[in-house]
Amino acid sequence: MFNKETYIARRAELKKLVGQGIIILFGNNESPANYPANSYAPMRQDSSFLYYFGQHRDGLVGVIDIDNDEEWLIGDDIDVEDIVWMGYTPSVADLAAEVGVTKTAPMAQLKEIVNRQSVHFLPPYRFDIQILIMDLLGIHPSQQKEKASLPLIQAVVKMRSTKGAEEVAYIDAACDVGYVMHTTAQLLIKPGVTERFVAGQVDGIARSLSQGNGFPTIFSQHGEVMHGSPSDAKLEDGRLVICDAGCELGDYCSDHTRTMPVNGKFSQRQLELYKIVEECHDYVLEVAKPGVKYMDVHFAVCRLMTERLKELGLMKGDVDEAVAAGAHAMFLPHGLGHMMGMDVHDMEGLGQIYVGFDEETRPNLEQFGTNCLRMGRRLQEGFVLTDEPGIYFIPALIDDWKASGHCKEFLNFDKLETYKDFGGIRIEDDILITTDGCRFLGSKRIPYHPAELEEFMKIKH
């Protein structure tokens, strides 16, 4: 939690941006795992509620009455029976005072306080909040996404997109925990160890040194599967394994990916492709800066990747024409990166078209691969986003495009057939857009340059 002046200033700015009406920001409730008293733990508060009201307790709602210049924290004080089981919890009034709010009320009075025509709320993503909105405003859950307030969405995106110094400090610290998570994995990886074991150790680091995982850890020898969950499969000599993991510290996230040879040494074929991803990853540091569209950075990386894949004989033809046709998406079917902050995919629930794009930069939803860009808008100082190029060999995609002849003038399908068992490679770090460029976040770099990575992994091999 920051000091109360931070939250006071944030709410004041939000009122200016939205202009009129009542803003409701719903905090989250406990979410039962398999029966009411056994909840997912720890509870994760809604990020926008945290941004403006700062409190982690469940069962809270923040109300900002712009027209009357009033701010409320709504919630019920816990009773003695809850204290017996859970310990002392400050009163709602005490919680409100910590973030500079003077008015409080029990939940039963929420409807009375927001009984107004012009009510702004964000798109809900939890069913209990959808029911509460229906009770309060009479809007059925099926209509709430479209009825959510566009002025509020745009205001929240504008404010949360640019990170202040306090926020950057937390992200730097989260990335330092990410360093420990990933280097732990690199030292544990060897033939015979299960994916689940290594991922469990990574998760343990997150829970020990931070609030926990920022998202479920991806750890798999099937790197061609973007979100491959760890299984009981044993790591096999000669294969690559991807670890995509991050933590949450001070309510801010880290997100890194590394790809390692299970036996600690890249084969020649693995090294050829790994170096392409490494070059693309590092190239972002040269071109990402304020005023540049991240969509342009993405396509600059795609052209570089296409050039290098041509040199290996996997692609052919004119580079610009190949990228325009989307042929590179055979290998890179996702975007170069996404916004990051309090959410690992920051504010994604508000609508990617508002977070990653704007009136100037619109997504192309028609072309495979390009339709998965999460971030395309012009960069500004203070933006935090990921840099995560990859090369993947997805057998089903190879078969599909080969059968249809899609982009056949740019792809060497005969050679692609020999890579169906390759898997995938991704290298990901988090970057901050600075005054005249960008920098990696975190004080230490998780080993990723091939010689450095192999040398580091020798400690255990």
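Given N residues in region 140-184, what is its alpha carbon radius of gyration divided by 2.2 N^0.38 Å?
On the way: Rg = 17.3 Å, N = 45, 2.2 N^0.38 = 9.3 Å.
Scaled against compact globular proteins, the figure is 1.85.
Note: region 299-426, Cα convex hull, 119 Å³ per residue.
Here is how the number arises for the chain: DSSP H runs of 4 or more residues each give -39500 (n - 2.57), the sum is divided by the residue count, and the result at 222 nm is -12000 deg cm²/dmol. All other residues whose Cβ lies under 12 angstrom from that of Ala322 are scored, Lys and Arg at +1 and Asp and Glu at -1, for a net of -1. A simple charge model with +1 on the Cβ of Lys and Arg, -1 on the Cβ of Asp and Glu and nothing else charged puts the dipole of the chain at about 700 debye relative to its Cα centre. Return, ordered by residue number, the residues of region 290-306 whose backbone nitrogen is under 15 Å from a label point located 7 Å along Cα→Cβ of Leu271. Under cut-off, by backbone N: nothing.
Quick one: dipole size for region 149-256, taken about the Cα centre, charges +1 on Lys/Arg Cβ and -1 on Asp/Glu Cβ, in debye to the nearest 20. Intermediate values should be presented prior to the final figure.
On the way: 8 positive and 14 negative charges, 18 e Å.
So the dipole magnitude of region 149-256 works out to roughly 80 debye.
With 25 Å as the limit on Cα-Cα distance, the pairs of Lys103/Lys147; Lys163/Lys275; Lys316/Lys402; Lys234/Lys415 that go past it are Lys103/Lys147; Lys163/Lys275; Lys234/Lys415.
Helix 195-209 and the long axis of the chain differ in direction by around 40°, with both axes built from C-alpha atoms. For the chain, the calculated P(r), taken from all Cα-Cα distances in 10 Å bins from zero up to the bin holding the longest distance, is 4, 19, 27, 24, 16, 8, 2, 0 percent.
Summing +1 for each Lys or Arg and -1 for each Asp or Glu among the other residues whose beta-carbon sits under 14 angstrom from that of Glu166 gives 0. Distance from the Cα centre of region 178-256 to that of region 379-420, in angstrom? One Cα centre to the other: 24 Å. Remark on region 70-151: Rg and Dmax equal 15.2, 43 Å (Cα only). Within the accessible area of the chain, the carbon and sulfur atoms contribute 51%, probe 1.4 Å, all protein chains present.
With the whole protein complex present, Leu235 retains an accessible surface near 10 Å², based on a 1.4 Å probe. Under 5 Å between amide hydrogens, built in the peptide plane, is the criterion, and for Lys103 it picks out Glu71, Leu73 among residues at least 5 positions away or on other chains.
Taking the convex hull of the Cα atoms, report for region 1-59 its projected area averaged over all directions, in nm². Spell out each step's value before the answer.
On the way: hull surface 19.0 nm².
For region 1-59, the mean projected area of the Cα convex hull comes to 4.7 nm².
Helix 150-161 and the long axis of the chain differ in direction by around 60°, with both axes built from C-alpha atoms. Distance between the pseudo-spin-label points of Ala403 and Asp421 (7 Å out from Cα toward the beta carbon): 2.3 nm. Take the residue pairs Lys4/Lys111; Lys293/Lys420; Lys293/Lys444; Lys420/Lys444; Lys420/Lys458 and return only those whose Cα atoms are more than 32 Å apart. Where the Cα-Cα span goes over 32 Å, the pairs concerned are Lys293/Lys420; Lys420/Lys444.
Largest first, the residues Arg303, Arg239 sort by 1.4 Å accessible area into Arg303, Arg239.
Ordered by packing density, taken as the mean number of other Cβ atoms within 10 Å over each peptide's residues, highest first, how do 327-339, 401-413 rank? Display every interim value, and only then the final one.
Details: 327-339: 24.1, 401-413: 15.8.
Per-residue mean Cβ counts within 10 Å order the peptides as 327-339, 401-413.
Suppose we look only past 13 Å in the calculated P(r) of region 384-461. What percent of the Cα-Cα pairs does that tail hold?
Values: 2314 of 3003 pairs.
For region 384-461, the fraction of Cα-Cα distances above 13 Å is 77 percent.
What is the local net charge at Leu50, summed over the other residues whose Cβ is closer than 10 Å to its Cβ (Lys, Arg +1; Asp, Glu -1)?
Working: positive: Arg44; negative: Asp46, Asp251.
Residues close to Leu50 contribute a combined charge of -1.
Take the alpha carbon gyration tensor of region 171-328, find the square roots of its eigenvalues, order them as a ≥ b ≥ c, and report rounded if a/c is under 1.5; if not, report prolate when a/b exceeds b/c, else oblate.
On the way: a/c = 2.53, a/b = 1.36, b/c = 1.86.
In terms of gyration-tensor shape, oblate.
With the whole protein complex present, Lys111 retains an accessible surface near 120 Å², based on a 1.4 Å probe. Think of a 1.4 Å ball rolled over the protein heavy atoms: the chain then has 43 Å² of accessible area per residue. Taking region 1-124 on its own, what percent of its Cα-Cα pair distances exceed 27 Å? Taking all Cα-Cα pairs of region 1-124, the fraction more than 27 Å apart is 18 percent.
The values are calculated or read from the model by the stated rules, or taken from the named source; none is laboratory data. Owing to the predicted nature of the structure, the values given are computational and were not obtained by experimental measurement. No Cβ is skipped: glycine too gets one built from the backbone with ideal geometry, and neighbour counts run over all protein chains shown. Heads up: the accessible areas ignore ligands, DNA and RNA and are worked out on the full protein's heavy atoms, side chains in. Shrake-Rupley method; radii C 1.70, N 1.55, O 1.52, S 1.80 Å.
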